[in-house]
Amino acid sequence: MEVEFESVLLPGLPNHLAHLCLSTLHPSVLYRVCRSWQRLIYSPTFPPFLSLYTVLFRPNSVEFCCFDPISSKWRVLPSPPSEPPLRLLRRHPSFISRILPIQSLAVSGRLVLISATMNKFLPAFTYPLVFDPLSSNWSFGPPLSNPRRWCVAGSARDSVYIASGVGAQYNGDVARSVEKWDMNKKVSDWNWEKMASLKDGRFSREAVEALEYRGKLCTVNINGKASKDGIVYDLLTNQWEEMPRGMLAGWIGPAAVDDDFMYVVDQENGSLSKYNAENDCWERLINSSEHLKGAEHIAAGGGKSLCSLCRRWERLLLLIF
């Protein structure tokens, strides 16, 4: 795609050559110089950079927001399609101390909303909702054969994976099912493909994330320090296997993967650990941090940074390694 700019990017050079030169620089450097370079950063042809997406809940509405690390500003995303209307249930009198989750993924450069709960405890999404930051538009993914909530959701190699969960009511077949959606295909060819099933329905108890680590999707069935089961899905062989004992023992809080490294936060003492696959153990990186205590979610990216969300502090914490 050819992008037209209103002004000269670099005096003495055609814009297409200037574009090639400037694309080698970090966008935070370009952002501080001039408006034409700022427009270049946000053009579809500029190399992409990491951003952070979050869901904000107002008394009567839901907003989806994006944090731009280059400008250090939050911006509200356009509203999702109004048909069908998006009605997400976050609290219910039957679950006084529990917040009903919304499960989302970052896949193939896009934000995907895959699972949530609506009124009468029904699954909120019959189609995944997809936000494309390049076009700044929402669209629908392929229809879910079994809309669900409280499921396992993960992404790997530009594909979305969902497993287990609960529909309008518990169903053993759904609780054992696993499906894959390859987002690399043409939109007209998007579909859900059935993959190797789970052996039982143990992973339909909570909304959990499956993390891609060294060619496998890893997940546990319960968040926090409670006794749990762990399982690993081999992307190459389409087979499930038990999680290594050391990995399972140390998976005691929110976890994230960046490149070849897996991290976990201990919500009680605020420690941060990294998994050592060769020795099947966890190595402590931070012994204790008040800012990490009570962390609900963490995300890692860029090979050197980790972001933690803690409701106790009502703010985001960015750690640079």
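For M262, nonlocal amide neighbours, meaning residues 5 or more places apart or on other chains whose placed amide H falls under 5 Å from its own, are Y275.
By the Stokes-Einstein formula, at 1.567 mPa s and 4 °C, region 153-211 with its Kirkwood radius over alpha-carbon pairs has D equal to 107 µm²/s. May I ask you to list the aspartates and glutamates whose Cα is less than 12 Å away from that of K185, ignoring any residue fewer than eight positions away on the same chain? Qualifying aspartates and glutamates at Cα under 12 Å: D158. Between the exposed loop cleavage positions of the chain, defined as GluC sites (Glu not before Pro) in a non-H, G, I, E, B DSSP state with at most 12 neighbouring beta-carbon atoms within 10 angstrom, the longest gap is 7-277. Taking amide H atoms as placed 1.01 Å from N in the peptide plane, the amide H of T117 lies under 5 Å from those of L89, A124, each 5 or more residues away in sequence or on another chain. Entry note, the chain: the mean residue ellipticity at 222 nm calculated from DSSP H runs of n ≥ 4, each adding -39500 (n - 2.57), is -2000 deg cm²/dmol after division by the residues and rounding to the nearest 500. The string of couplings for region 142-156 from the Karplus curve (6.51, -1.76, 1.60, θ = phi - 60°) is x, x, 6, 5, 9, x, 8, 9, 6, 10, 8, 10, x, 9, 7 Hz, one whole number per residue in order, with x for Gly and Pro. Given R0 = 25 Å, the distance between the Cβ atoms of L236 and C281 translates into a calculated FRET efficiency of 0.50.
Computed from point charges on the beta carbon alone (+1 for Lys and Arg, -1 for Asp and Glu), the dipole magnitude for the chain about its Cα centre is near 960 Debye.
Phi angles across region 264-281 convert, under the Karplus curve 6.51 cos²θ - 1.76 cosθ + 1.60 with θ = phi - 60°, into 3J(HN,Hα) values of 9, 10, 8, 5, 7, 9, x, 8, 10, 10, 10, 7, 9, 5, 5, 9, 6, 8 Hz, Gly and Pro given as x. Kirkwood's formula applied to the C-alpha pairs of region 246-290 gives a hydrodynamic radius of 10.4 angstrom.
Taken per residue, the accessible surface of the chain reaches 54 Å², heavy atoms only and a 1.4 Å probe.
Taking amide H as placed 1.01 Å from N in the peptide plane, the amide H of M243 sits under 5 Å from that of G230, I231, V232, each at least 5 places away or on another chain. Surface listing: W240, W37 arranged by accessible area from highest to lowest gives W240, W37, probe 1.4 Å.
Mind listing which trypsin sites (Lys or Arg not before Pro) in region 176-213 are in a DSSP loop and have 15 or fewer other Cβ atoms within 10 Å?
Filter output for region 176-213: K185, K186, K199.
In sequence order, region 26-41 has phi-based couplings of 5, x, 5, 6, 5, 4, 7, 8, 7, 5, 5, 6, 4, 5, 4, 4 Hz under the Karplus curve 6.51 cos²θ - 1.76 cosθ + 1.60, θ = phi - 60°, and Gly or Pro positions carry x.
Farthest toward the positive end of the dipole of region 216-286, out of I286, C218, L236, is the Cα of I286, where the dipole comes from beta carbon charges about the Cα centre.
Cα-Cα over 22 Å: which of K180/K216; K228/K274; K73/K186; K120/K225?
Numbers: K180/K216 14 Å; K228/K274 19 Å; K73/K186 33 Å; K120/K225 30 Å.
Among K180/K216; K228/K274; K73/K186; K120/K225, the Cα-Cα distance tops 22 Å for K73/K186; K120/K225.
Inverting the mean 1/r over all pairs of different Cα atoms, compute the Kirkwood radius of the chain and quote it in Å.
Across the chain, the inverse of the average 1/r is 21.3 Å.
Modelled label positions at N137 and E63, each set 7 Å beyond Cα in the direction of Cβ, lie 2.5 nm from each other.
For the chain, DSSP calls about 95 percent of its internal beta bridges antiparallel. Say we join alpha carbon atoms closer than 10 Å with springs in a Gaussian network model of the chain; which of F64, F125, F46 then has the biggest fluctuation? The residue that fluctuates most here is F46.
The values are calculated or read from the model by the stated rules, or taken from the named source; none is laboratory data. Note that the structure is predicted; figures quoted are calculated from it, not measured. Don't worry about glycine lacking a Cβ; one is built from the backbone with ideal geometry, like all the others, and counts go over all protein chains shown. Just so you know, the surface numbers come from the protein's heavy atoms only, side chains and all, with ligands and any DNA or RNA stripped out. Shrake-Rupley method; radii C 1.70, N 1.55, O 1.52, S 1.80 Å.
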